[in-house]
Amino acid sequence: MEPIFRTLEIEGFRAFRRLKIDGLGRVNLVTGRNNTGKSSLLEAVRLLAFGGSASILSTLLMDREMDLTEDEDGGGPSENAVFVQSLFHGFPQSVGGRGPHLEIFASGNRQAIRIRVAQALYYEERGADGTRRLTPQQMDLFGREDGIPVLEVNVGENRRAVPLGSLRRASRRYGLPPEEPRLPCVYVNPYAAEQTASLGPLWDRIALSDAEKDVVEALRIIDPSISAVSMVGSGWTRPSRTAIVRAEGIPRPVPLRTFGDGLNRLFALVLSVVNAKDGLLLIDEFENGIHHSAQLEAWRMVFRLARQLDIQVLATSHSWDSVEAFQVAASEAPDEGVLIRLSRQDGEIVPTLFREDELAVVTRDRIEVR
C-alpha cells in the first residue's frame, strides 16, 4: 500500500513563503531548530485534510492565541481582517482588490488535493424569497463600509466564503463545533497527556473492537502490569471522562492518571493511531512525556500500526533521543521511514530528506539534524 501523499507544496502559509517536499514516506519525522516551521507544516496538512472548514480555521487561529475577541463590529472591515493575517506568510497587509492568499497542494498515487485560502471582501445579496447569499466584490478590498470581510476558500472547483465575524463569534464560545475531515486525519497536540478527558470520542470509536488490544499493548510498553483499559463517565453523569486501567497487584480498576504523564501521553498517542485508519496521523512533539527508554518501542508501535491500518504519519521532534529511536524503527521497516530536516537558508525554509541508509549515517556520526 502506498502512502497517501508523496509530495507536499505550501505557499504563503505561516512560516513558509514557498516549500516543496518531494518523497514523503509512510512514517515521517520532521526536525529542525525553533522557528523553522515544524508545527506550521502540520497545520498546513490539517487545513488541507479539513478542506479549509470554518472550524479548522478557527482552531488554527485560537491555537496560536490570536485575539479573536475584540469588538465584533470592530470599526470597519480592515480592523476585522487584522486577526487572520497570522495565517499568511509575513503578516501581509491587504492591497488592491484582493487580500493575501495561501495555497497548499498534496499529491500521491492515491489522490491529489489543492486548497487556496484568500482574504477578500464580499457583500450580501437578498433574493426575492428573502434568502441571503454572499457575493465577491470587484473593487478595492476595503473600499465599502457595507463590505463583509471573509476568508474565501477554494477546494478544487468548489468555492465558499467564511465571514470573519463568524470566527470572532466562535472564539467567544470556545470554537466552532468540530467537523469531520474530508480526509481521515487525527492530530495529537504536544499537551495530550494533560487532556485525558478529551479522548472520550476517540475511545468510543474503538471500544469493544480488536483495537482495544493494540491500546493495551502500547500501554504495556511503559508498564507491563497493565491488562485492560477503559473509559468511564459521560457529560451526563460526570464532569468529564476518566480513563481507568486494571493492573496486576491492584485489586480494582484505578485512574490511568495515577500512573503518570508518560502513560497518559502514550494512551493519547495509540488512541490517535488506531483512529487514523486509512488516513493521516499528525503528532506534534512526539517525545513529549515519553521517557527516552520507551521511545524506541513507541516508534515501533507507530510503524507497525501505520502499516497495518494504512496510515501516513507526520510527526515533529526536537529531541536527539527521538531521532535515534526513529532511525532504529525505520531500519526495521525498509522504505517506510523518512526524516525531514527544516532549516533556514537566506531567509527561506528549506527541507532536507534522509532515507534509510542516510538515517543510519546521521545517527552513527551524530550529524546535527534537529
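The values are calculated or read from the model by the stated rules, or taken from the named source; none is laboratory data. Keep in mind the model is a prediction, meaning the values are calculated, not measured. Cβ sites come from the backbone with ideal geometry, for glycine too, and all protein chains shown count toward neighbours.
So, of the residues in the stretch 98-123 that are within 27 Å of residue 310 (Cα to Cα) and free of Cβ contacts under 8 Å to residues at least 60 places away in the same chain, which turns out to be surrounded by the most Cβ atoms within 10 Å (Cβ to Cβ)? Explain how you work it out, then say what you get.
First pass over the stretch 98-123, keeping only residues within 27 Å of residue 310 (Cα to Cα): 103-115.
Then drop every residue that is not free of Cβ contacts under 8 Å to residues at least 60 places away in the same chain, which leaves 112, 114.
Details: 112: 12, 114: 14.
Selected residue: 114.
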- Task: Return only the number of the condition from (1) touching a helix residue (DSSP H, G or I) at 6+ places or on another chain (Cβ under 8 Å); (2) surrounded by fewer than 22 Cβ atoms within 10 Å (Cβ to Cβ); (3) aliphatic (A, V, I, L, M) that residue 350 does not satisfy.
- Result: (1)
- Task: Report the residue count in the stretch 199-229 for those that are closer than 15 Å to residue 268 by Cβ and of a type in the set (S, T, N, Q).
- Result: 0
- Message: For the structure I just gave you, tell me whether residue 302 is within 22 Å of residue 213 (Cα to Cα), modelled with pLDDT of 95 or more and not in a strand (DSSP E or B).
- Response: yes
- Query: Is it the case that some residue within the stretch 37-55 is more than 21 Å from residue 6 (Cα to Cα), at pLDDT below 85 and polar (S, T, N, Q)?
  - Reply: no
- Name every residue in the stretch 316-342 that is in contact with a Phe, Trp or Tyr (Cβ under 7 Å, 6 or more places away or on another chain), in a helix (DSSP H, G or I) and surrounded by fewer than 24 Cβ atoms within 10 Å (Cβ to Cβ), in order of residue number. 329
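Filter the stretch 216-230 down to the residues that are touching a Leu at 6+ places or on another chain (Cβ under 7 Å) and either among the basic types (Lys, Arg) or part of a helix (DSSP H, G or I) (or both) and list them by number.
Taking the stretch 216-230 first, the residues touching a Leu at 6+ places or on another chain (Cβ under 7 Å) are 218-219, 221-223, 226, 229.
Listed by number, the residues that qualify are 218, 219.
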- Query: Which members of the stretch 239-284 meet the condition of being assigned to a strand (DSSP E or B) and under 22 Å from residue 48 (Cβ atoms)?
  - Reply: 280, 281, 282, 283
- Task: For the stretch 264-272, state whether one or more residues are surrounded by fewer than 18 Cβ atoms within 10 Å (Cβ to Cβ) and in contact with a helix residue (DSSP H, G or I) (Cβ under 9 Å, 6 or more places away or on another chain).
- Result: no
- Message: Take the conditions β-branched (Val, Ile, Thr) and in contact (Cβ under 8 Å) with a residue 60 or more places away in the chain and apply them to residue 229. Does it pass?
- Response: no
- Query: Which one is farthest from the chain's Cα centre (by Cα), of the residues in the stretch 216-233 that are buried (at least 20 other Cβ atoms within 10 Å of the Cβ) and closer than 21 Å to residue 252 by Cβ?
  - Reply: 226
- Message: What are the pairs with Cβ atoms under 7 angstrom where one residue, in the stretch 143-158, is modelled with pLDDT of 85 or more and the other, located anywhere, is surrounded by 16 or more Cβ atoms within 10 Å (Cβ to Cβ) and assigned to a loop (DSSP other than H, G, I, E, B)? Sequence gap at least six, or different chains.
- Response: 153/52; 155/51; 155/52
- Query: Just wondering, is there one or more residues in the stretch 281-294 that are among the charged types (D, E, K, R) and surrounded by fewer than 17 Cβ atoms within 10 Å (Cβ to Cβ)?
  - Reply: no
- Scan (1) assigned to a strand (DSSP E or B); (2) without any contact (Cβ under 8 Å) to a residue 12 or more places away in the chain for the single condition residue 308 breaks and write down its number. (1)
- Query: How many of the residues in the stretch 17-47 are surrounded by fewer than 22 Cβ atoms within 10 Å (Cβ to Cβ), more than 10 Å from the chain's Cα centre (by Cα) and part of a helix (DSSP H, G or I)?
  - Reply: 0
- The listed residue being more than 17 Å from the chain's Cα centre (by Cα) and among the aliphatic types (A, V, I, L, M), out of 329, 306: 329
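Quickly run through the stretch 253-295 and pick out the residues that are of a type outside the set (A, V, I, L, M) and in contact with a strand residue (DSSP E or B) (Cβ under 8 Å, 6 or more places away or on another chain).
Hits for the stretch 253-295 are 253, 255, 257, 259, 264, 267, 272, 275, 279, 284, 285, 286.
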- Single residue of 279, 249, 289 found to be of a type outside the set (Ser, Thr, Tyr) and free of Cβ contacts under 8 Å to residues at least 60 places away in the same chain: 249
